[in-house]
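Everything on this sheet refers to the single structure shown next.
None of the figures in this text is laboratory data; all of them are computed from the coordinates on show. This structure is a prediction, so every number in the text was calculated from the model and none was measured. So basically every Cβ, Gly included, is an ideal-geometry build from the backbone, and we count neighbours across all protein chains shown.
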Amino acid sequence: MRSVPDIAPVSVDTWLLTWSLDEGALPDAQLVALIGDLASRLRRQFGAAIVNTVPAYCSVMVQIDILSIDWGRVETAIRSWLSEIDLESDLVSRHHQIPVCYDPELGLDMHEFSTLKKLSPGEVASIHSQLTYTVFAVGFLPGFAYLGHVDERLSAPRRASFRATVPAGSVAIADRQTAIYPSASPGGWQIIGRAPQLPAPGDFNAGDTLEFVPIDRTEFDRLAGVVSE
Amino acid sequence: MTQVCRLTRAGGVVQVQDLGRKQSMHHGVTESGAADRHAFFWANRLLQQPYDTAMLEITVGDVVFDILHDVRVALTGADLNATLNGMPVDGWQSYNLRRGDTLEFGFPRVGLRAYLAFAGELDWPQSYGSRSWVEKEQLPETPVLKPGGGVSFTSIQPHALQTAVPQRFVPNYTEPLTLDILLGYQSHLFPAETIDAFFESEFEVQPASSRMGYQLAGPKVTHDIEQLYSEGIAYGAVQVPPDGNPVVLLNDRQTMGGYPKLGCISQRSGAALSQRLPGAKVRFRRRGYDELVRDWGGVLQFFQGVY
């Protein structure tokens, strides 16, 4: 079993559980599956006494209702799960398949991005859609999932200039991470495609896995409900 | 269901607020909720109703309500030069309003956010167990209260004797503010001299402050902590970006972030901070976990108790 987290209060009703990563290591998919599962177990077991949880990368923040539960009870439950859990068989996470159209008309940075990476748009699409990603955290916007790790061949820094409006559904890359914008928002990631169906806030949980399924423009329009003239 | 009032002018901001969303942050949906819980709790207390009943949070002011049905209300928080049919009304009291009355809020005299509670239950949709509204999120299920929009209630309570908050519980939003902080998060990674200097410094509230966070400026809080993996941000977290100007994150904060954090200010301190205007001076005072729990637990017990 992996090392026990550091557990410390950060405010009157909120605790932070932190796992240490090896120097220079990327966040670990199995660890985030563990913390995502731990957060959902806490919500299920203690119900309304758990006000909020934020599982992300290598930590879980847990906020409790201090009038209805003692932290000691929650911590005891956490420690006992962590000592008993079988990482191979006990973790509950969902797998998502997300259709995405890599047409440069929708992937607003595709031309620039593929030139930068010395690849064709088709190669970018194929490399991006061949891996299974892990949801390392959900945040920034309701339902915005941070997915990793992008193939090194597609790793690219954020755009030099921030885009005032990234269209909803945009699929984008920043460093070794990728994401789907669930709503229109300012953003600096490199946009390489668009998903016809927008994720809702509750769709993704930390620890879930996800793969992108390439679709053509006709299929995109059909799924997005675009009526052709 | 009865329409009780109509918003006829909204120069400032009028939002429905309660104690915020539950179990929403793992979806990236912020907690939200009334910025000044002290004023919020007292408004419900004045009306002898459950401490978490939703009400209106009025920021800055320049707001007019036409009253369409007899109703009992309570007014707490900032003094926004409120008038009833043109006559000044004091805050931290309940009032019996009549159909045809006009309740008007001017501009801030003292503080920034007023709370207008009604004796009854707001007919307003909920999301994650809350009626609170967050501008940047625009969750489809939480509508916006706009000029011309009505506010309806169920189970409206009849008129009753006027009640007032005892003077000793009425805060003074103009006095210098000391924020109670529990050191935590990455505080152990900050140099000891930086922490000492932080507690000796005075900071000024900056104009970019909002329900999301209060931006402070003063002596720079220096550190060379590297960017961290993002983690959950608790209410009141004091984060220090590379420019060394601390930001206190409040109700509409982002759910996670990677800047180093010193710890969190208390709920009580956050409530007082949210009433400060740009230019206000604040300091920090280190407090222990046990005393903060006793303090806030006592507040919650008092307001959750018999009403």
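Among the residues of A:46-57, the average count of other protein chain beta-carbon atoms within 10 Å of the residue beta-carbon is 6.
Annotation for the range A:80-135: trypsin sites (Lys or Arg not before Pro) lying in DSSP loop with at most 11 further Cβ atoms inside 10 Å of their Cβ are A:Lys118. Rounded, prolate or oblate: which one fits the range B:177-304, using the alpha carbon gyration tensor with axes a ≥ b ≥ c (rounded when a/c is under 1.5, else prolate when a/b beats b/c, else oblate)? Rounded, since a/c falls under 1.5. Rounded to the nearest 10 degrees, the inclination of helix B:37-46 to the longest alpha-carbon principal axis of chain B is 30 degrees.
Each residue of the range B:173-187 was assigned a 3J(HN,Hα) from its phi angle through the Karplus curve 6.51 cos²θ - 1.76 cosθ + 1.60 (θ = phi - 60°); the sequence is 7, 9, 6, x, 10, 10, 8, 7, 10, 9, 5, x, 6, 9, 4 Hz, with glycine and proline shown as x. Hey, quick one: spin label on B:Arg9, modelled 7 Å out along Cα-Cβ, who in the range B:40-67 has an amide N within reach, i.e. under 11 Å? Under 11 Å, as judged by backbone N against the label point of B:Arg9, lie B:62-65 of the range B:40-67. Note on B:His188 and A:Ser68: the model spin-label points, each 7 Å out from Cα along the C-beta direction, lie 3.2 nm apart. Computed from the Cβ-Cβ distance with R0 of 56 Å, the FRET efficiency linking B:Asp295 to A:Ser120 stands at 0.35. Neighbouring Cβ atoms from other chains, within 10 Å of the Cβ of residues in B:234-240, number 4 on average.
Semi-axes of the equivalent ellipsoid for chain A, computed as √(5λ) from the eigenvalues of its C-alpha gyration tensor and ordered from largest down, come to 36, 18, 16 Å. Cross-link pairs exceeding 27 Å in C-alpha to C-alpha distance, out of A:Lys118/B:Lys136; B:Lys220/B:Lys281; B:Lys22/B:Lys136; A:Lys117/B:Lys136, comprise A:Lys118/B:Lys136; A:Lys117/B:Lys136.
Assuming charge only on the beta carbon of Lys and Arg (+1) and of Asp and Glu (-1), the dipole of the protein assembly as shown about its Cα centre is about 1280 debye to the nearest 20. Roughly what % of DSSP beta bridges within the range B:177-304 run antiparallel, to the nearest 5? The answer is about 75 percent antiparallel.
Using the Cβ-Cβ distance between A:Arg176 and B:Leu161 with R0 = 56 Å, the FRET efficiency computed as 1/(1 + (r/R0)^6) comes to roughly 0.30.
Based on every Cα atom in the range A:6-84, Rg and the maximum pairwise Cα distance Dmax equal 12.5, 41 Å. How big is the gap, in Å, between the Cα center of the range B:221-237 and the Cα center of the range B:158-176? If you average the Cα positions of each part, the centres end up 37 Å apart.
From the alpha carbon centroid of the range A:142-163 to that of the range B:21-46 is 33 Å. Rounded to the nearest 500, the 222 nm mean residue ellipticity of the protein assembly as shown from helices alone is -5500 deg cm²/dmol, with -39,500 (n - 2.57) taken per DSSP H run of at least 4 residues.
Taking label positions 7 Å along the Cα-Cβ direction at both B:Arg99 and B:Gln304, the computed distance is 4.0 nm, reported to one decimal. Evaluated on the protein assembly as shown, the Kirkwood hydrodynamic radius is 24.9 Å, with distances taken between all distinct Cα atoms.
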